[in-house]
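The values are calculated or read from the model by the stated rules, or taken from the named source; none is laboratory data. Every value quoted in this text rests on a predicted model; they were computed, and no experiment measured them. Backbone-built Cβ (ideal geometry, glycine too); neighbour counts: all protein chains shown. Accessible surface areas use protein heavy atoms only, side chains included; no ligands, DNA or RNA. Shrake-Rupley method; radii C 1.70, N 1.55, O 1.52, S 1.80 Å.
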Amino acid sequence: METNKATMNVASPCRGRIEQFLARLNESYPVGATLGHLEASPEEVARLGLDSPQANGSGEVTDTERIRAEHAKKSVHPTVRGLPVPANAAGASYMSARMKARINELGLHAADLAGVAGSGAAGRVTIQDFEKFIANLERLKLSQASSMRVSVADAMRRSWTRPIAHVGLAVCLEPLFVFRKVSHPKPGPALCGLRALAVALAENSAPAGRLVGNKIVHPSTIDIGFAVEVEDGVLVPVIRNADKRSLKDLVEPYNDLVELARQRKLPVDATGGSIATVTNFGTFGLEWATPIPLPEQTLVFGIGAARKAPRWDEAKGQFVPVMEANLTLSFDHRVLDGGAAGRLLARIAELLA
């Protein structure tokens, strides 16, 4: 039976032989319509508490239901004409109630089955496909995921329920490097980016708002997190009121939080509740990346690896080599559009310069 959303099997109420089909192929019927009749044993009828059909006194089934079905199919039509699933599509795009129950029983998620190729209609994953997939897993090398990895996976699953978009900008970092040479203590690029993001959001906090129903919840304080790689995962310490403290005053607290995060000893007041995150993926030699915001955040600001690049110098009338890096901003597209995200990223770049 095909509905507006799925194609599914209809289970018979009891054992028996199909004696008569009332429904026809490619016809539409209202919910609750009789599809046909089963010839059931007296024991099954008694078990279900049903009366035997005695419409004409002879025990035979009448055409009443057929007439109702004929009338219904003239007035009922599908309300949604969706695109068909390609026959070669893979992944658990549709799951029956039986398979959902089996997945819950094993403590799995639909995303865990993205690699399962379906053999059902239009490439859908059947319970047989799923059981075969589970059986094959037992023959492969398995290792227990750490609690950190499971936590990260759960956060990313929740984050990916939103439409995430990205904007990027190449920025000259020469002023930042000159500033670091004369600064004591020296702030790292990620901390400079964090401070610039905090100042930009203090000027206009709307981009960091969260959509709840039909309301945008604006942040009350500018608390910015920053990603720290730890064993088998990432922790995000938080600097509170980052817009109200100078860059120089943030260096020591920032370094302390990085060390505590690596030791997995972050205090409770230094985690959670941030409105955005800064990640320096340039430390891995990456020039470009599209990080995903945490579920409770709208924004994540990324800094790529610096490299020599030619830049036009108007005063000299020629290209000169400068240290340049890509900045990225990933955002919840429900709250921000590309223009607003681009303006925020441009303001961050201006502050860094």
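For the reader, a short list of remarks on this structure follows.
- Shown here for the range 291-339: GluC sites (Glu not before Pro) in loop regions (DSSP other than H, G, I, E, B) with at most 11 other Cβ atoms within 10 Å, namely E314.
- Once backbone amide H atoms are built at 1.01 Å from N, A170 has L327 as its partners under 5 Å, excluding neighbours fewer than 5 places away on the same chain.
- Phi to ³J(HN,Hα) by Karplus 6.51 cos²θ - 1.76 cosθ + 1.60 over the range 176-181, Hz, x for Gly, Pro: 5, 5, 4, 4, 5, 5
- Taking trypsin sites (Lys or Arg not before Pro) across the range 125-232, the ones in a DSSP loop with at most 10 further Cβ atoms lying within 10 angstrom of their Cβ are R139, K141.
- Placing pseudo-labels 7 Å out from each Cα toward the beta carbon at A117 and D313 gives an inter-label distance of 5.8 nm.
- For the range 131-203, the set of chymotrypsin sites (Phe, Trp or Tyr not before Pro) satisfying both a DSSP loop assignment and a count of at most 15 other C-beta atoms within 10 Å is given as W160.
- Whole-Hz Karplus values for the range 38-49 come out as 9, 8, 9, 6, x, 5, 5, 4, 5, 5, 8, x Hz, taken residue by residue from phi with 6.51 cos²θ - 1.76 cosθ + 1.60 and θ = phi - 60°; glycine and proline positions read x.
- Taking all Cα-Cα distances within the range 202-327, those exceeding 24 Å account for 41%.
- FRET E, pair S151, A305, Förster distance 30 Å, beta-carbon r, rounded to 0.05: 0.60
- Subtracting the Cα-Cα distance of S205 and R264 from 0.36 nm times their residue separation leaves 18.2 nm of extension gain.
- Share of pairwise Cα-Cα distances greater than 15 Å in the range 173-242 is 65 percent (whole percent).
- Integer Hz, Karplus 6.51/-1.76/1.60 couplings in order for the range 226-231, x for Gly and Pro: 9, 7, 10, 6, 10, 4
- Between the range 304-351 and the range 171-241, the alpha-carbon centres lie 16 Å apart.
- Kirkwood-Stokes translational diffusion coefficient of the range 289-341, alpha-carbon pairs, 4 °C, 1.567 mPa s, µm²/s: 96 µm²/s
- Subset of K100/K132; K181/K308; K215/K244; K186/K316; K186/K308 violating a 24 Å alpha-carbon distance limit: K215/K244; K186/K316
- Using a Förster distance of 45 Å, the FRET efficiency for V31-R158 (Cβ separation, nearest 0.05): 0.85
- Per-residue SASA entry for S151, accessible area with 1.4 Å probe, Å² rounded to 10: 70 Å²
- Sites L169 and V45, calculated FRET efficiency, Cβ-Cβ separation with R0 56 Å, nearest 0.05: 0.15
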